[in-house]
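I have placed the structure first, in the form of structure tokens, so that the comments after it can refer back to it.
Please treat every number below as a calculation from the coordinates, not as lab data. Keep in mind it's a predicted model, so treat the numbers as computed, not measured. All Cβ positions, glycine included, derive from the backbone under ideal geometry; neighbour counts span all protein chains shown.
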Amino acid sequence: MLKQRIITALILLPIALCGFFLLEGSGFALFIGVVVSLGAWEWARLAGFTAQLPRVVYAAGVALLLFLMYILPYVAPWVLGAAVLWWALATFLVLTYPRTSGHWSSVACKLVIGLLILLPAWQGLVYIKHMALGNWLIMAVMVLVWGADIGAYFSGRAFGKRKLAPAVSPGKSWEGVYGGLALTLVITAVVGLVRDWSVKQMLLALVGTAVVVLISVVGDLTESMFKRQAGIKDSSNLLPGHGGVLDRIDSLTAAIPVFAVLLWMAAS
């Protein structure tokens, strides 16, 4: 398993880095669109489709919506706004699972939720890419999510006692969340000192970091909740040793649109 994980990572990492940071415009949108469409194919399984045809049809439908969003850029604020509302609701659903699962257990409802998760992630990345420091900002949100994961892993193993959401993901603890949050706040503070941010800029950046990191945890738990409901361990086996695409981007699907909205608010 470890050998598979290493080989897969060595193959995917340069592809991902080139796609994120070297592609521009329609090439970048297409690259992210392929990733999101694969995620949609996996999500259809979480929604209850086991046969390939309906899963492919759902993925194709998501790809079509992405194309429409690309040629109709004025819908971006609505897509990102819907994401903020969804992730606020998702926080409640995760904290109250399984008591409230009956409200979203139908196939139709889960398919719509898939759109609320996947489409804004694509839209957020496309929006950020077009900003003046687009590549650096994309790297920033990834570092925040990765830093939160690393901090949570080590602090959770060392100090984890209080379960975060035992009905959803028994292995996660509040101590892990605190550790991940602490590490990302330190990273943000160091960047701010290096870039000589003002006190106001530093405070806003630290608050924004906390929001993005906490919502990334909700993204991770949300996919875990739907996998638990579906009775499956991984979203697919597309990435040997790593599970599926959704298993790798679950935190980012929540963090990216919220990060994009925070950037838009800061620029306005």
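Quick notes on this structure:
- Sequence-distant aspartates and glutamates (8 or more away, or on other chains) whose Cα lies within less than 13 Å of K129: E24
- About its Cα centre, the dipole of the chain is roughly 620 debye, where the only charges are +1 on Lys and Arg Cβ and -1 on Asp and Glu Cβ.
- Hits among lysines - C-alpha to C-alpha of K172 under 30 Å, sequence gap 8 or more where chains match: K3, K110, K161, K163, K227, K233
- Local electrostatic count at G179 - Lys and Arg +1, Asp and Glu -1, tallied over other residues with Cβ under 11 Å: -1
- The ranking of D220, D196, D247 by Cβ neighbour count inside 10 Å, starting from the fewest, reads D196, D247, D220.
- Using the Cβ-Cβ distance between A230 and F159 with R0 = 25 Å, the FRET efficiency computed as 1/(1 + (r/R0)^6) comes to roughly 0.20.
- If the segment from L203 to F92 were pulled out straight at 0.36 nm per residue, it would be longer than the present Cα-Cα gap by 37.3 nm.
- Size of electric dipole in the range 119-250: Cβ of Lys, Arg +1 and of Asp, Glu -1, about Cα centre, debye, nearest 20: 240 debye
- Panel note: the C-alpha atoms of the chain, placed on their principal axes, show extents of 55, 48, 40 Å (largest first).
- Spacing of the two label points (7 Å from each Cα toward its C-beta) at V194 and E24, in nm: 2.5 nm
- By other beta-carbon atoms within 10 Å, ranking T184, T50 with the fewest at the front produces T50, T184.
- Most fluctuating residue given options F20, F154, F226, as computed from a GNM of the chain linking Cα atoms under 10 Å: F154
- Rounded if a/c under 1.5, otherwise prolate or oblate - the range 106-234, Cα gyration tensor axes: oblate
- Between F154, A29, F259, the Cα set farthest toward the positive side of the dipole of the range 2-267 (charges on each charged residue's Cβ, about the Cα centre) is that of F154.
- Other-chain or far-sequence residues with amide H under 5 Å of L164's (modelled H): K172, S173, W174
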